[in-house]
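Below you'll find the structure, written out as structure tokens, and then a few comments.
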Amino acid sequence: MPSSTSSSTDDPVERARRVLEAGGVIGLPTETVYGLAADATSSSAVRKIFSIKGRPADHPLILHVADLAAAQTLSSRWTDTARALAEAFWPGPLTLVVVRSAEVLDEVTGGRTTVAIRIPRHALALRVLQEFGRPVAAPSANRFGRVSPTTADHVRADLGADVDFVLDGGPCEVGLESTIVDCSVDPPQILRPGSISAEQISEVVGGVASASGPSRAPGMLESHYAPDCLVVPVDVGDASPNDVDRVLDGRSEPARFAHDLYALLRECDRLRLRRVAVLLPADSGIGRAVRDRVFKAAARRSH
Ligand code: TXA
Ligand code: MG
């Protein structure tokens with residue numbers, strides 16, 4: 001951060017707020033993964049996010065807000081579905097895609113008519129959002145195409161001096177990115193699985209479709225979330241693979257594995273392991289999100 005605004009306060013939340021106010025970027029802890037956060041109402045601040053991440057300009061960002069009233073000002077069509085899901089799961093690891101309002105910058109949506117919004121439940125994230133009082137754009141705080149960060153150290157390792165400040169909120173509770181539900185279509189559609197499962201969403205809104213084929217969430221490329229090591233997914237009934245340097249067990253405790261997955265993959269890279277097998281959990285609940293990320297981590301090297 002610019003030296004003129006450097007630490008004149010001991011409160012890290014206040015420091016984070018000041019950096020956002022000054023148009024800077026911070027590493028923001030959330031319950032899912034760490035975000036690379038900037039003032040969503042400033043074009044120049046939002047452009048910094050894209051340049052630091054090396055992210056293509058047409059990959060839209062998620063807006064983070066402190067409360068429902070703030071979320072609603074960002075949308076011109078707050079549907080019954082969006083209302084019900086927000087009521088059931090916010091604050092929490094759920095992102096809603098809704099028709100955008102005129103308040104939202106084109107840089108955030110990549111020129112789309114829809115915008116992605118969420119209220120995180122991490123206590124520090126909520127305090128920053130409350131005290132800043134404006135929407136904050138935040139993709140995961142990794143370089144484009146890499147594994148998302150789940151600790152402050154991961155953010156520093158990936159982005160180092162490119163971020164003005166990293167707010168350390170400890171290891172992320174969930175460990176995988178939020179579930180994304182597109183509420184601009186009927187029935188609503190899950191664009192990215194997360195810890196809030198399709199089963200839980202269906203309980204609230206009735207029918208929900210899962211995106212299949214080429215994903216409708218721009219930027220959700222097949223080869224995403226990719227470590228350097230070759231990831232070999234192993235399903236129940238598959239033969240155990242030969243010649244692996246490590247086996248990661250996602251089968252017995254899927255939620256705990258979700259929490260640890262990205263740190264484990266980073267550790268494998270640090271140890272320069274070549275082939276890592278992952279025993280996949282069953283395709284339900286958070287297990288679906290774990291499988292999704294493991295297949296994406298594997299896709300990169302199979303091309
Ligand atoms: O858990 C999370 O969601 C984290 C934390 C920091 O909140 N953020 C995150 O952001 O994962 P990011 O940028 O890595 O992923 C955002 C995803 C992208 O795949 C993008 O395509 C999708 O959200 N997205 C954003 N706006 C969209 C829109 N208008 N329509 C469809 N998909 C959208
Ligand atoms: Mg990401």
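The values are calculated or read from the model by the stated rules, or taken from the named source; none is laboratory data. Quick caveat, the model's predicted, so the values are computed rather than measured. Using ideal geometry, Cβ is built from the backbone for each residue, glycine included, and neighbour counts are taken over all protein chains shown. The area values use the complete protein model at the heavy-atom level, side chains included, leaving out ligands, DNA and RNA. Shrake-Rupley method; radii C 1.70, N 1.55, O 1.52, S 1.80 Å.
In summary, helices (runs of 4 or more DSSP H) completely within the range 35-134 and bearing 1 or more residues that are of a type in the set (Lys, Arg) occur at 43-53, 80-89, 123-132. Of all the listed residues (Ile180, Ile190), the sole one being within 15 Å of ligand 2 (Cβ to nearest atom), part of a strand (DSSP E or B) and either modelled with pLDDT under 95 or not basic (Lys, Arg) (or both) is Ile180.
Rundown of residues vs (1) open to solvent by 40 Å² or more (accessible area, probe 1.4 Å); (2) more than 14 Å from ligand 2 (Cβ to nearest atom), yes/no style:
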| position | (1), (2) |
| --- | --- |
| Ala88 | yes, yes |
| Val99 | no, yes |
| Arg118 | no, no |
| Phe144 | yes, no |
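Take Ala16 and decide whether it is surrounded by fewer than 19 Cβ atoms within 10 Å (Cβ to Cβ), in contact (Cβ under 8 Å) with a residue 24 or more places away in the chain and within 16 Å of ligand 1 (Cβ to nearest atom). Criteria not met by Ala16. For the range 31-41, the count of residues that are within 18 Å of the chain's Cα centre (by Cα), of a type in the set (Ser, Thr, Tyr) and modelled with pLDDT of 95 or more is at least one. All of Ala255, Ala282, Ala263, Ala239 fail the test of being open to solvent by 30 Å² or more (accessible area, probe 1.4 Å), modelled with pLDDT of 95 or more and in a loop (DSSP other than H, G, I, E, B), apart from Ala282.
Here Ala125 clears all of (1) surrounded by fewer than 19 Cβ atoms within 10 Å (Cβ to Cβ); (2) in contact with a Gly (Cβ under 9 Å, 6 or more places away or on another chain); (3) closer than 30 Å to Asp11 by Cβ except the condition numbered (1).
The one condition from (1) open to solvent by 40 Å² or more (accessible area, probe 1.4 Å); (2) touching a helix residue (DSSP H, G or I) at 6+ places or on another chain (Cβ under 6 Å); (3) among the hydroxyl-bearing types (Ser, Thr, Tyr) that Thr113 does not meet is (2).
Candidates in the range 128-142 are the residues that are touching a strand residue (DSSP E or B) at 6+ places or on another chain (Cβ under 9 Å) and more than 11 Å from ligand 1 (Cβ to nearest atom); of these, the one that is most open to solvent (accessible area, probe 1.4 Å) is Arg134.
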